[in-house]
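The structure under discussion appears below in the form of structure tokens.
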Amino acid sequence: MASKTRISRRTFTAGMGAAGIVAGTAPFNIISAQGAPLKVGVLLPRSGAQAGIGQDCQRGVDITAGLLKDLKLPTLQIMNGDTETNVEVARARAERLINEGAQLLVGAFDSGQSTAIAQVAEQKGIPYVINIAAAPPITEQGYKFVFRNFPTAPTILANAFENQIEIFKATGNAPKTAVFMHVNDTFGTAMQKGFTGTMARFADTPYKVLETIAYDGTARDLSVEVAKAKATNAEALVMVSRLNDAILITRELVKQRWSPKAVLSMGPGWYEDQYLKTLGKLGDGPMSFVPWYDPNKKLSKALEAALAKAHPGLNMNTNHVYTFEALLVAADAYKRAGSADPKALADAIRATNIKDNVSPGPGIQFDAKGQNAALKNSAIQNRGGKLVTIAPKEASNAKPEHPMKPYDKR
Amino acid sequence: MTTEVVLKIAISGVLTGLVYGLMALGLSVIFGVVRVVNFAHGEMMTIAMYLVIVFFSALGLDPLLMLVPISAVLFALGYLMQRAIINPFINRPEHSQFMLLVAVALIMVNALLLIFGPDSQGITTSYSFDSFDVGGIIIDAGKVYAAIAALIVAVALFSFFRLTLTGKAIRACADNYNGALVVGLDVKRLYSLTFGIGAACVGAAGTMLMIVTDVTPAIGPAYTLLAFVIVITGGLGSMPGAIVGGILIGLTEALGGFFFTPSAKTMFSFGILVLVLLFRPQGIMGRKTA
């Protein structure tokens with residue numbers, strides 16, 4: 001049986017009053033959204049083969065809150081996710097974090113894992129700021145919610161050759177031959193693909209590559225790989241590696257009595273604290289051509305101080321810098337968007353223009369693909385268990401030392 | 001590419017293979033007697049490796065000196081595991097045993113992760129960076145010491161099973177379970193002893209491996225898989241087969257990696273495994289079952 005609902009004058013007045021209250025308090029909703037912390041899902045390889053590096057990135061997360069406060073940026077509520085160094089787990093964890101309320105994702109150090117997270121973020125329409133991942137295709141898919149403040153493999157390579165040429169000219173001594181060893185994961189393979197083509201563009205590169213050796217980054221023994229490299233009699237060793245393999249390779253260099261004139265690394269591993277701590281004086285000498293930080297920038301000094309306070313004796317590195325900058329991008333965008341609405345956040349990230357930052361170059365801006373194409377890499381060298389920046393000259397704090405001191409003379 | 005380099009690679013492969021062989025020997029002994037496939041084998045070895053780290057950090061003890069004490073600790077662990085956890089599962093279906101040992105392996109990995117963290121850890125001894133130059137062939141000193149120690153432990157184990165009454169009793173259990181019961185052997189105790197001996201082998205292998213490599217909690221499953229490849233290649237349950245399998249896998253990985261591509265060296269050991277399964281399913285030194 002249908003019943004007629006009659007709206008009385010009293011009901012109408014009450015309804016209008018309620019509507020007025022809602023309309024009147026609407027601006028406060030926006031303020032309240034701004035006041036609430038932005039929920040950021042931070043996905044990192046906290047366990048598995050890349051756990052050490054994931055934990056290192058986490059140090060960058062841990063020191064961010066205080067710096068954001070100093071910069072008068074909104075608070076972030078960090079939601080941690082462990083990718084277990086596994087692409088499928090990364091995908092599942094990203095979905096779970098979004099389901100649990102994450103309004104923005106950050107991570108995930110590795111290109112394979114970041115690719116999986118980017119797919120989920122795009123599908124769900126949640127902004128994703130990549131901290132570290134260099135494989136170019138991630139920002140070539142036409143994604144609207146994926147942003148990367150980290151150079152792609154071709155940029156890393158191009159900057160590496162520019163910096164090497166600068167260093168060898170400055171020292172007046174250059175290797176004539178090299179052997180190229182690279183890890184066979186997504187990052188290593190992307191770097192290998194770009195290496196030859198990029199090198200051809202730099203006619204001033206002093207060395208020619210005698211052999212390219214791909215290896216398994218999770219291998220327990222790299223003696224065969226090093227023996228094969230040594231057999232080429234190359235003067236320099238060009239590396240794209242991770243941390244554990246960098247340590248294993250250095251040990252093998254010493255044991256197999258091979259001291260190349262230079263170790264030129266275009267990836268992680270050789271500059272990391274665990275490498276320096278494990279190898280002591282044998283860790284000195286390698287040059288790394290990596291996304292780094294400008295030691296002369298104001299925010300770099302603040303970040304260094306925050307890290308030194310939280311982890312005394314730890315060298316600041318790529319992991320801390322780019323994880324911090326990803327969170328900086330998130331907080332800056334949240335402030336400008338004035339809301340946690342995913343589309344508003346993505347639009348704000350696209351319009352990012354941060355001049356006061358840490359990484360070398362003019363600052364943080366994103367192109368139409370969501371890539372910060374203005375980033376510059378640096379060359380750093382291990383010296384007495386510390387790291388110094390040796391190129392480019394405008395963002396350096398030391399002069400290069402080349403050739404490397406032989407292992408048996410230390 | 002000179003002959004010296006190839007010889008160096010081959011020697012390195014054989015030396016590494018001997019240590020792998022000792023690790024696989026433990027698995028083979030346990031399976032040969034108790035008929036339980038130890039899916040926690042690699043994880044037990046990582047426990048031994050972390051014990052080396054602990055004793056080295058605390059007391060500065062050389063791994064070669066820790067060989068016997070750590071093997072003893074692993075013996076106790078294996079003995080107790082068999083008594084408390086595995087014995088009740090001896091007569092249960094195989095899949096129950098598999099799941100039990102996979103669960104034990106997962107617990108071990110996560111316990112190590114909680115205690116030691118995820119970072120790779122290693123030790124640096126006085127000879128960690130030493131090598132011998134034998135007629136232009138550079139040989140890793142650490143691998144030589146580790147391989148010699150592995151060989152001594154293997155010979156001691158063979159002697160134990162051949163020459164002692166307990167060893168003969170264990171072999172009797174392996175040959176004829178019912179017969180062993182009929183003649184009054186304490187089979188449960190002998191099973192526990194065997195599991196303990198297998199674990200002690202793993203302890204010795206883990207101690208020696210710390211001379212040449214680092215350890216992370218996550219490395220255990222890879223060693224378990226490697227031990228399976230070696231014992232199946234050498235012959236499941238055959239003690240000499242485990243050593244022969246270890247040398248063969250070590251040599252194949254080294255030479256395959258050198259002549260082809262190092263990134264695919266594991267592929268060569270699996271290739272050997274497939275060939276053995278196709279043409280000699282009982283393994284190189286295994287016995288054909290009726």
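The values are calculated or read from the model by the stated rules, or taken from the named source; none is laboratory data. Note that the structure is predicted; figures quoted are calculated from it, not measured. When we count neighbours, we look across all protein chains shown, and the Cβ atoms used for this are built from the backbone with ideal geometry, even at glycine.
Looking for whichever is among the acidic types (Asp, Glu) and modelled with pLDDT under 95 here; the options are B:94, B:43. Which one fits? Of B:94, B:43, the one residue that is among the acidic types (Asp, Glu) and modelled with pLDDT under 95 is B:94. The set of residues from region B:172-208 being under 24 Å from residue B:84 (Cα atoms), in a helix (DSSP H, G or I) and without any contact (Cβ under 8 Å) to a residue 12 or more places away in the chain comprises B:177, B:178, B:180, B:181, B:189. The single condition from (1) buried (at least 21 other Cβ atoms within 10 Å of the Cβ); (2) in a loop (DSSP other than H, G, I, E, B); (3) within 13 Å of chain B (Cβ to nearest Cβ) that residue A:233 fails is (1). Which residues, counting only those in region A:149-174, are in contact with a Leu (Cβ under 8 Å, 6 or more places away or on another chain) and in a loop (DSSP other than H, G, I, E, B)? Within region A:149-174, A:149, A:150, A:151 qualify. Please tell me if residue A:226 is among the β-branched types (Val, Ile, Thr), farther than 24 Å from residue A:319 by Cβ, more than 8 Å from chain B (Cβ to nearest Cβ) and buried (at least 23 other Cβ atoms within 10 Å of the Cβ). Here the answer is yes, as residue A:226 does meet what is asked. When we screen A:142, A:172 for residues that are assigned by TED's automatic domain parsing to the domain that holds residue A:258 and at positive phi, the only hit is A:172.
Please verify whether residue A:93 is in contact with a Gly (Cβ under 7 Å, 6 or more places away or on another chain), surrounded by 24 or more Cβ atoms within 10 Å (Cβ to Cβ) and more than 30 Å from residue A:201 (Cβ to Cβ), treating the condition exactly as stated. Walk me through how you get there before you give the answer.
Working: in contact with a Gly (Cβ under 7 Å, 6 or more places away or on another chain): yes; surrounded by 24 or more Cβ atoms within 10 Å (Cβ to Cβ): yes; more than 30 Å from residue A:201 (Cβ to Cβ): yes.
Considered against the rule, which asks whether it is in contact with a Gly (Cβ under 7 Å, 6 or more places away or on another chain), surrounded by 24 or more Cβ atoms within 10 Å (Cβ to Cβ) and more than 30 Å from residue A:201 (Cβ to Cβ), residue A:93 comes out as yes.
Among the residues of region B:256-271, none qualifies, meaning not one is at positive phi and outside any helix (DSSP H, G or I).
Going by the conditions given, is residue B:167 within 14 Å of another protein chain (Cβ to nearest Cβ) and modelled with pLDDT of 90 or more?
Here the answer is no, as residue B:167 does not meet what is asked.
Residues are listed down the side, and each one gets a yes or a no for (1) assigned to a loop (DSSP other than H, G, I, E, B); (2) free of Cβ contacts under 8 Å to residues at least 12 places away in the same chain:
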{"site": "B:107", "(1), (2)": "no, yes"}
{"site": "B:118", "(1), (2)": "yes, no"}
{"site": "B:144", "(1), (2)": "no, no"}
{"site": "B:157", "(1), (2)": "no, no"}
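The residues listed here are B:101, B:113; of these, the one that is under 21 Å from the mean Cα position of the chain (by Cα) and within 30 Å of residue A:46 (Cα to Cα) is B:101. The listed residues are B:105, B:24, and the only one of them that is of a type in the set (Gly, Ala, Ser), out of contact with any strand residue (DSSP E or B) (no Cβ under 7 Å at 6 or more places or on another chain) and farther than 28 Å from residue B:127 by Cα turns out to be B:105.
Considering B:49, B:23, B:44, which residue is in contact (Cβ under 8 Å) with a residue 60 or more places away in the chain and farther than 15 Å from residue B:225 by Cβ?
Details: B:23 fails: farther than 15 Å from residue B:225 by Cβ; B:44 fails: farther than 15 Å from residue B:225 by Cβ.
Result: B:49 is the single residue among B:49, B:23, B:44 that is in contact (Cβ under 8 Å) with a residue 60 or more places away in the chain and farther than 15 Å from residue B:225 by Cβ.
Of all residues in region B:19-60, count the ones that are within 14 Å of another protein chain (Cβ to nearest Cβ) and crowded, with 24+ Cβ neighbours inside 10 Å.
The qualifying residues number 7.
For region A:271-288, the candidate set comprises residues that are modelled with pLDDT of 95 or more and crowded, with 21+ Cβ neighbours inside 10 Å; within that set, the residue that is nearest to residue A:364 (Cα to Cα) is A:288.
Of the residues making up region A:43-76, those that are of a type in the set (A, V, I, L, M, F, W, C), more than 15 Å from the chain's Cα centre (by Cα) and more than 11 Å from every other protein chain (Cβ to nearest Cβ) number 7. Selection of region B:1-18 for residues being surrounded by fewer than 17 Cβ atoms within 10 Å (Cβ to Cβ), part of a helix (DSSP H, G or I) and at the interface with another protein chain (Cβ under 10 Å from one of its Cβ atoms) yields only B:4.
Within region B:226-255, the set of residues being more than 14 Å from every other protein chain (Cβ to nearest Cβ), at negative phi and either hydroxyl-bearing (Ser, Thr, Tyr) or not in a helix (DSSP H, G or I) (or both) comprises B:233, B:236, B:238.
Tell me, yes or no, whether region A:330-340 has at least one residue that is among the polar types (S, T, N, Q), in the same structural domain as residue A:54 (by TED's automatic domain parsing) and surrounded by fewer than 19 Cβ atoms within 10 Å (Cβ to Cβ).
Restricting attention to region A:330-340, the residues satisfying the condition of being among the polar types (S, T, N, Q) are A:339.
Cutting the leftovers down to in the same structural domain as residue A:54 (by TED's automatic domain parsing) gives us A:339.
Those left that are additionally surrounded by fewer than 19 Cβ atoms within 10 Å (Cβ to Cβ): A:339.
Looking through region A:330-340, at least one residue is among the polar types (S, T, N, Q), in the same structural domain as residue A:54 (by TED's automatic domain parsing) and surrounded by fewer than 19 Cβ atoms within 10 Å (Cβ to Cβ).
Residue pairs whose Cβ atoms lie under 8 Å apart, separated by 6 or more positions or on different chains, with the first residue in region A:210-222 and more than 7 Å from chain B (Cβ to nearest Cβ) and surrounded by fewer than 22 Cβ atoms within 10 Å (Cβ to Cβ) and the second of a type in the set (Ser, Thr, Tyr) and in a strand (DSSP E or B), are A:210/A:177.
Table: residues versus (1) of a type in the set (Phe, Trp, Tyr); (2) surrounded by fewer than 21 Cβ atoms within 10 Å (Cβ to Cβ); (3) at pLDDT 95 or above.
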| residue | (1), (2), (3) |
| --- | --- |
| A:326 | no, no, yes |
| A:342 | no, yes, yes |
| A:351 | no, yes, yes |
| A:366 | yes, no, yes |
| A:371 | no, no, yes |
| A:375 | no, no, no |
| A:394 | no, yes, no |
| A:398 | no, yes, no |
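Candidates in region B:124-162 are the residues that are under 20 Å from the mean Cα position of the chain (by Cα) and within 14 Å of chain A (Cβ to nearest Cβ); of these, the one that is surrounded by the fewest Cβ atoms within 10 Å (Cβ to Cβ) is B:144.
Of all residues in region A:174-197, those satisfying the criterion of being more than 14 Å from residue A:267 (Cβ to Cβ) and crowded, with 21+ Cβ neighbours inside 10 Å are A:175, A:178, A:179.
Conditions (1) modelled with pLDDT of 95 or more; (2) small (Gly, Ala, Ser), marked per residue:
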{"site": "A:164", "(1), (2)": "yes, no"}
{"site": "A:178", "(1), (2)": "yes, yes"}
{"site": "A:218", "(1), (2)": "no, no"}
{"site": "A:228", "(1), (2)": "no, no"}
{"site": "A:238", "(1), (2)": "yes, no"}
{"site": "A:264", "(1), (2)": "yes, no"}
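Within region A:76-92, no residue that is not assigned by TED's automatic domain parsing to the domain that holds residue A:124 sits with its Cβ atom under 7 Å from a residue that is crowded, with 23+ Cβ neighbours inside 10 Å and of a type in the set (A, V, I, L, M, F, W, C) at 6+ positions apart or across chains. Looking across region A:247-287, the residues that are of a type in the set (Gly, Ala, Ser) and within 14 Å of another protein chain (Cβ to nearest Cβ) come down to A:259, A:269, A:280, A:283.
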